[in-house]
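Single-structure report; data block below.
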Amino acid sequence: MNDGSPQLQRVLYIEDEEDIRLVAQIALEQIGGLTTKTCASGPEGLEAVDTFVPELILLDVMMPGMDGPSVLGKLRQRHARNDIPVVFITAKVQPDEVHRFKEMGAEAVITKPFEPMTLAAQLQEIWSHFHAHRK
Amino acid sequence: MRTGNDIKQEVNVQLAQLQRDYIAKLPIKIAPVNQDWQSLQLTGEDEITIKNMQRKLHAIAGTSSTLGVEQVAALTYCIEELLDRGSLTPECRQAIAQRMNELNQLIDSNTLEASPMVFK
């Protein structure tokens, strides 16, 4: 069903845990029909923003080295594509943290464990909401 | 031509394989946590080691719950929380030691199973 908002097609997922990347790839590509690229670190993900040109970025909060908030900061500060919606994904999230992440510029926050069968639909909904509010 | 059912079946086979592969890798994943815990028992309250151990436990907990390995997820979350209490009191250390033993026994038991992830 399409309510007239553009359909999400390209997602970049930045996550240091290989097993979660593999589940997400199946969830987004095979179950959700999205074109997906996964990256194992913040720097790798920031590079992929230029080459893969995602419409939405799914970003793990807790990563070694450059964590999710730092990646978002770098993307918003100096990147040519600094208006791509970013969705944080994290375990253990408190309501005040969700508020803090949104103030940083995150579009939404998804909690781990995510449900592989509905992850793509969740992102589509966030994408539609993002577009509706940009109009 | 592949039908919708073929694709669903393929996805389910892939998900089940990912779960089996993950369970097989757990002894390797838990080894650095055991090292941190041994180190903490020798050195006392080393902040960096505590943070490192928490980060590793957090990763295992998150992946385990995503892949339906709930028993491991529950124990690793529990140990992560115990480490987050600010001070490793003797009671806290005892509780961590007990959970670490349970975790290692569970992983070594070869009886671990993941809850099915089924694309319908």
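So if the hydrodynamic radius of chain A is defined as the Kirkwood radius over C-alpha pairs, what does Stokes-Einstein give as its diffusion coefficient at 20 °C and 1.002 mPa s, in µm² per second? Don't jump to the answer; show the numbers that get you there.
On the way: Rh = 14.8 Å.
My calculation gives 145 µm²/s for D.
Tally Lys and Arg at +1 and Asp and Glu at -1 over the other residues with C-beta under 12 Å from the C-beta of B:Arg99: what net charge comes out?
Details: positive: B:Arg93; negative: B:Glu80, B:Glu81, B:Glu102.
The answer is -2.
For the stretch A:95-135 and the stretch A:17-32, write down the distance between their C-alpha centroids in whole Å.
Cα centres, the stretch A:95-135 to the stretch A:17-32: 17 Å.
Given R₀ = 35 Å, FRET efficiency for A:Arg81-B:Lys51 by Cβ-Cβ distance, to 0.05?
0.60
Expressed as a whole percent, how much of the Cα-Cα distance distribution for the stretch B:8-85 exceeds 21 Å?
Details: 1017 of 3003 pairs.
Distances greater than 21 Å cover 34 percent of the Cα pairs.
Under 8 Å for C-alpha pairs, at least 6 residues apart: give me the relative contact order for chain A, rounded to a whole percent.
Details: 214 pairs, mean separation 36.9, N = 135.
Relative contact order here is 27 percent.
How many percent of the accessible area of the protein assembly as shown is carbon or sulfur, using a 1.4 Å probe? Don't skip to the answer; put the middle values down first.
Values: 6510 of 13060 Å².
Using a 1.4 Å probe with all protein chains present, the protein assembly as shown comes out at 50 percent carbon and sulfur.
Can you give me the span-like helices of chain A, meaning DSSP H runs with 18 Å or more of Cα extent along the axis and Kyte-Doolittle mean at or above -1.0?
Helices meeting the criterion: A:119-134.
Can you give the charge dipole size of the stretch A:10-134 about its Cα centre, rounded to the nearest 20 debye, using +1 on the beta carbon of Lys and Arg and -1 on the beta carbon of Asp and Glu? Provide the component values of the computation, followed by the final result.
Numbers: 12 positive and 19 negative charges, 81 e Å.
Charge dipole, the stretch A:10-134, about its Cα centre: 380 debye, nearest 20.
Please tell me the relative contact order of chain B in percent, rounded to the nearest whole number, where contacts are Cα pairs under 8 Å and at least six residues apart.
Reported relative contact order: 33 percent.
Could you estimate the translational diffusion coefficient of the protein assembly as shown from the Stokes-Einstein equation, with Rh from the Kirkwood formula over C-alpha pairs, at 20 °C and 1.002 mPa s, in whole µm²/s? All intermediate terms of the calculation are to be shown ahead of the outcome.
Details: Rh = 19.6 Å.
So the translational diffusion coefficient is about 109 µm²/s.
So which of A:Lys102/B:Lys56; A:Lys37/B:Lys25; A:Lys102/B:Lys29; A:Lys37/B:Lys29; A:Lys92/B:Lys8; A:Lys102/B:Lys51 end up more than 29 Å apart by C-alpha?
A:Lys102/B:Lys29; A:Lys92/B:Lys8
With only Lys, Arg, Asp and Glu charged, each at its Cβ (+1 for the first two, -1 for the last two), find how big the charge dipole of chain B is about the Cα centre; round to the nearest 20 debye.
400
The values are calculated or read from the model by the stated rules, or taken from the named source; none is laboratory data. These figures come from a predicted structure and were not determined experimentally. Don't worry about glycine lacking a Cβ; one is built from the backbone with ideal geometry, like all the others, and counts go over all protein chains shown. Ligands, DNA and RNA are stripped out before the accessible areas are found, and what is left, the full protein with its side chains, is counted by its heavy atoms. Shrake-Rupley method; radii C 1.70, N 1.55, O 1.52, S 1.80 Å.
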